[in-house]
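Report on the following structure.
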Amino acid sequence: MTNTRTTDEIRTTAEAHEDAAIPRAHSVHADPEEEARNCALEIPDGVADQPLSAKSPARWAYERLILYIRNFEKQLDNEHEVAMGFTGAEAGVIRIEGIGYYDPDIVTFYGTDPVGGRNQLIQHVSQLNVLLRAVPKRAPEDAPRRIGFRLAADLEDDTPDTDDTAPEQD
């Protein structure tokens, strides 16, 4: 279920307060068709169900990045995949193969560069600037890999976060 309401719906006071806490996305474009494609960020229940006050900055950044990546991938043809460029850095571009977070304020990106080298970027949420870029698939005969849809499915998973890779606290 997507949490969207039209402005002409009648709502109770409780619904209005609930809506005030539901995340929203908005953008305006010169081309109305482009605007329709980019404003269609569907917010999964798994994201909207938990209040923002209960999320760390890392979790909240992670969730929104997933929504943007998934929406970007929806607009790609079968010859391209999503990659990410880093603004304000000479790191270049990596093909997105994974995204994670480490509470309370670290987001990490996993991928490969144009020559196939493995990359991992670890970034504080206050420094987060990401450029999504369409890049040709590695092998033209292969189907495009769509990580945004896998990541979004993870947001819908209502099981508690468990990560065996997190370092133990002393």
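Bear in mind that the values in this text are calculations on the coordinates, not laboratory data. Being a predicted model, the structure only gives us computed values, none of them experimental. With ideal geometry, Cβ positions are generated from the backbone for all residues, glycine too; neighbour counts draw on all protein chains shown.
Some notes on this structure:
- A straight chain from E42 to R118 at 0.36 nm per residue would run longer than the Cα-Cα distance by 24.3 nm.
- 3J(HN,Hα) couplings calculated from phi for segment 59-71 with the Karplus curve 6.51 cos²θ - 1.76 cosθ + 1.60 (θ = phi - 60°) are, in sequence order, 4, 5, 5, 4, 4, 5, 4, 4, 4, 5, 5, 4, 5 Hz; Gly and Pro show x.
- Options A58, G46, N71, ranked by Cα towards positive dipole end of segment 45-86, top entry (Cβ charges): A58
- FRET efficiency, L52 to A139 (Cβ-Cβ, R0 30 Å, nearest 0.05): 0.15
- For R133, residues with placed amide H under 5 Å, excluding near neighbours: A83, M84, G85
- Added length on full extension, which subtracts the Cα-Cα distance from 0.36 nm per residue, V93 to L131: 12.8 nm
- Whole-number Å³ per residue for the convex hull built on Cα positions in segment 44-93: 93 Å³
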